[in-house]
Amino acid sequence: MKQPKKSRNPNRTELVRIMALIEENLDEIDKEHEAASAYHRSELVEVSRDNAQAALKEAVQFLALEDFPKAEREAAAAWFYTDFARNILDAEFTEHHLGEDVFLDLVPTRESVKHEISSLMNDLKTELNGVYESLAVTEEQG
Amino acid sequence: MDFMERLDGNREEKRLRKRVAELMRELADKLSAKLALAPEGRFANLSKMRTAKGQRAYIKAMAALEQDDLEEAMTIAVRGLLHLEIAHFHDNSPGPNKTEKLIDIDSQPRESIARLSEALCQFKQLVEYRNLDVPKEAQERLGRSTQYLQNAIEAMAAADDEEATAQAEAGLVFLSFTVSQVVFDPSEFPRALLIGPGQSNKKDLTRLMEAARTTGTTLAQAAKESAISGWKAKSAANKYIESALNAFLENNGGEVNKYLELIGLETGLVQRTLQQKQTQRQLAQPSTNQTSRSQPGTKAVQAKKKEMPTEYPSSSKSPPAAKPQAAARTTFRKDFHTRNPGNSADSVESIIMGQTEKIAAHPYSTNTPRLVDPEEIFDRTAPDSPLDLWAKPRKYYKIKEAENAAANFTTSQRQILQATNYSSANKREGTPGERAASPSASSAEPLEMRIERLRGIVDRLNKLGKHTNDPSATASVLEHLKQELETLESAAESGKWQAVERSSTSIHKIRREFKSLLKESDLL
């Protein structure tokens, strides 16, 4: 069934409903994320959830000031973040149940960054030592 | 102030005081009624949380009233009532419907944001389900596409619709190019990236996405077959895609057309070369059964052998479908494989780099969570205007740091390319450590080669430096490192060996300094 078209200028009651439902969605995402951390803790879900919560908070502030257009935009931002987090969780749930728990992180994880930095620092050291060696050889060759 | 003005002022204050008193009474009544009943239901925790916020608002409003700050008291009281209203909704809520789109997305830029978000998730699902191998370079570009999504959402929230649309569409083009490097079978391309009806009004975007996709696939295939190694067509195609995307972002339709034609010509050349190669191979090995060959690089063939479902599950709670059996596979493609990472780097990184750098300097450009606590902003004791800060992006403080860092990070396309090449060079030749240990590596290796590799390492570290706790300090240390490397290079070129040694020692010291910064950020 086709969903009724949403208005870009919802009234106060509709905005309260939207915000409350986004908050409920986020609460469910939080619980599912906790459960999912047994097989994969997605940093992107955490960032999206935090961003959604921040946007929602701002939406509430604007609504209290009766600035409906800004409140609606913030609520929309919160919804986009929430929807993104939900879709990532769903994809990972599917992979966990039907696949082999091989997950693709859409953004580099802190652990992978840490690993790469460590490797680059070692490479830097090796290459610098190599410069000394090359210099010694150059000196030997006159 | 004359008598009449004073009288008006007194009346206004009286009116305001009366209104605040009414609001405070209403808040107190609703709060006591709410606190008398323990919240129940599925979202009792949320109801409790909102009630606590309402309670805090009441206390703050009372404090403001004591200070005769009537406007502040009124604002806080209204907010407190709103918290209680949301708490009331949670008490009676049946819960959200996961498929319901709560907001209007039938317009730009929201349509593009929704599409990019969907495409990213579809690609993730495809890669995970198929167990595809995503090369490191492709993963980085994927991260950038995800960043475009956040930038677009933030721009949309800040009412900058034009910027939001541009960011989301740039993300779509970038993602199309990235996906085409990983997914060879057009039928398995994420649906959200395919051009559907209703997008005919976006002719340039459509053509650009198609061009990015075709070029990406062609270049990936050519790289795999080593058909265009060292060929200038590769860099030319990259350059034209980049220029086309820049023209698109500048809304210059004429330029977009020009570059799309050039892309078509270059891609056509590569495709013809590939066809020739295939014909030659077929002539050389006429008995080879092409369709039965397995692809050694395909994890899907080696490990999982799954079949893609015709529809993606929309909910994690839906009962999992039976895992497809190998025997039942009908649509599985044996030629479905991934790109050789060793050959991929230089054909991809530069493509949208110009526009990426442009966007990297954009104030919304950071993938860190929003950091400014709006509660703090609104709770300031004497704000001039609570909304003044909204003239700036919400992540203002964090963004300033990122901007400073970005200014230092900005490197030329050539340098970034080298950094990427370094990674792929490592893949091809092993890490410097491995190379040193290998029989071919020797201390007599030309100094220029070492310097080139050092430059690659420093550029790569520059890109990763934004992950430290203090990006500005990191950028400054890395800039120092870069300068010292340039000194070393020019000393080596002019044969001043003592200066080379001095620079190397200096780089060692900077490295130690950088190491301590990394340790402080728990990155080492």
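The values are calculated or read from the model by the stated rules, or taken from the named source; none is laboratory data. The structure displayed is predicted, hence computed values, not measured ones. Don't worry about glycine lacking a Cβ; one is built from the backbone with ideal geometry, like all the others, and counts go over all protein chains shown. Calculation scope for accessible area: heavy atoms of the full protein, side chains included, ligands and nucleic acids excluded. Shrake-Rupley method; radii C 1.70, N 1.55, O 1.52, S 1.80 Å.
Per-structure values
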read-out	value
Subset of the range B:134-160 that is charged (D, E, K, R) and at the interface with chain A (Cβ under 10 Å from one of its Cβ atoms) - its residue that is most open to solvent (accessible area, probe 1.4 Å)	B:Lys136
Candidates A:Glu66, A:Glu58 - the one that is touching an Asp or Glu at 6+ places or on another chain (Cβ under 9 Å) and either buried (at least 24 other Cβ atoms within 10 Å of the Cβ) or modelled with pLDDT under 95 (or both)	A:Glu58
Filter result for B:Leu464 (in a helix (DSSP H, G or I) and more than 27 Å from the chain's Cα centre (by Cα))	no
Matching entry among B:Ala499, B:Ala492 (being free of Cβ contacts under 8 Å to residues at least 60 places away in the same chain, facing chain A (nearest Cβ under 9 Å) and either of a type in the set (Phe, Trp, Tyr) or under 20 Å from B:Ile451 (Cα atoms) (or both))	B:Ala492
Any chance B:Arg50 is within 27 Å of A:Asn25 (Cβ to Cβ), crowded, with 18+ Cβ neighbours inside 10 Å and assigned by TED's automatic domain parsing to the domain that holds B:Arg11	yes
Residue count, the range A:92-142 (criterion: part of a helix (DSSP H, G or I), at the interface with another protein chain (Cβ under 7 Å from one of its Cβ atoms), within 18 Å of B:Glu128 (Cα to Cα) and not hydrophobic (A, V, I, L, M, F, W, C))	3
Identity of the residue in the range B:62-71, assigned to a helix (DSSP H, G or I) and free of Cβ contacts under 8 Å to residues at least 40 places away in the same chain, that ends up surrounded by the fewest Cβ atoms within 10 Å (Cβ to Cβ)	B:Glu66
Sole residue being within 18 Å of the chain's Cα centre (by Cα), surrounded by fewer than 18 Cβ atoms within 10 Å (Cβ to Cβ) and more than 7 Å from every other protein chain (Cβ to nearest Cβ), chosen from A:Asp30, A:Asp50	A:Asp30
Neighbours by Cβ (under 8 Å, 6+ apart or cross-chain): first from the range A:23-35, in the same structural domain as A:Asp90 (by TED's automatic domain parsing) and under 12 Å from A:Arg86 (Cα atoms); second charged (D, E, K, R) and open to solvent by less than 30 Å² (accessible area, probe 1.4 Å)	A:Asn25/A:Arg86; A:Ile29/A:Arg86
From A:Glu111, A:Glu95, residue being open to solvent by 10 Å² or more (accessible area, probe 1.4 Å) and out of contact with any His (no Cβ under 6 Å at 6 or more places or on another chain)	A:Glu111
Selected residue (criterion: farthest from A:Asn25 (Cα to Cα)) from residues of the range B:28-43 that are assigned to a helix (DSSP H, G or I) and free of Cβ contacts under 8 Å to residues at least 24 places away in the same chain	B:Asp29
Residue, farthest from the other protein chains (Cβ to nearest Cβ), within the range B:448-472, restricted to residues that are open to solvent by 30 Å² or more (accessible area, probe 1.4 Å) and farther than 18 Å from A:Asp123 by Cα	B:Ser472
A:Phe80 being at the interface with chain B (Cβ under 7 Å from one of its Cβ atoms), in a loop (DSSP other than H, G, I, E, B) and buried (at least 16 other Cβ atoms within 10 Å of the Cβ)	no
Pairs with Cβ under 8 Å, 6+ apart, first in the range B:90-109 and under 12 Å from A:Leu21 (Cα atoms), second open to solvent by less than 40 Å² (accessible area, probe 1.4 Å) and acidic (Asp, Glu)	B:His90/A:Glu23; B:His90/A:Glu24; B:Ser93/A:Glu24; B:Gly95/A:Glu24; B:Gly95/A:Glu28; B:Pro96/A:Glu24; B:Pro96/A:Glu28; B:Ile103/A:Glu72
Filtered residues of the range B:96-119 (kept if touching a helix residue (DSSP H, G or I) at 6+ places or on another chain (Cβ under 6 Å) and either outside any helix (DSSP H, G or I) or facing chain A (nearest Cβ under 7 Å) (or both))	B:Pro96, B:Leu102, B:Ile103, B:Ile105, B:Gln108, B:Pro109, B:Ile113, B:Ser117
The range B:1-27, subset in contact (Cβ under 8 Å) with a residue 40 or more places away in the chain and not β-branched (Val, Ile, Thr), residue farthest from B:Gly80 (Cα to Cα)	B:Glu13
Boolean, A:Leu89 is hydrophobic (A, V, I, L, M, F, W, C), crowded, with 16+ Cβ neighbours inside 10 Å and more than 7 Å from chain B (Cβ to nearest Cβ)	no
Qualifying positions in the range B:235-254 - farther than 17 Å from B:Thr165 by Cα and open to solvent by 60 Å² or more (accessible area, probe 1.4 Å)	B:Ser235, B:Lys239
Residue list for the range B:106-124, filter: open to solvent by 20 Å² or more (accessible area, probe 1.4 Å) and within 24 Å of A:Phe93 (Cβ to Cβ)	B:Ala114, B:Arg115, B:Glu118
Some residue of the range A:59-67 being in contact with a Gly (Cβ under 8 Å, 6 or more places away or on another chain) and within 7 Å of chain B (Cβ to nearest Cβ)	no
Some residue of the range B:165-185 being over 28 Å from A:Val45 (Cα atoms) and either within 22 Å of the chain's Cα centre (by Cα) or open to solvent by 30 Å² or more (accessible area, probe 1.4 Å) (or both)	yes
Filter pass, B:Glu85 being of a type in the set (Asp, Glu), within 7 Å of another protein chain (Cβ to nearest Cβ) and open to solvent by 10 Å² or more (accessible area, probe 1.4 Å)	yes
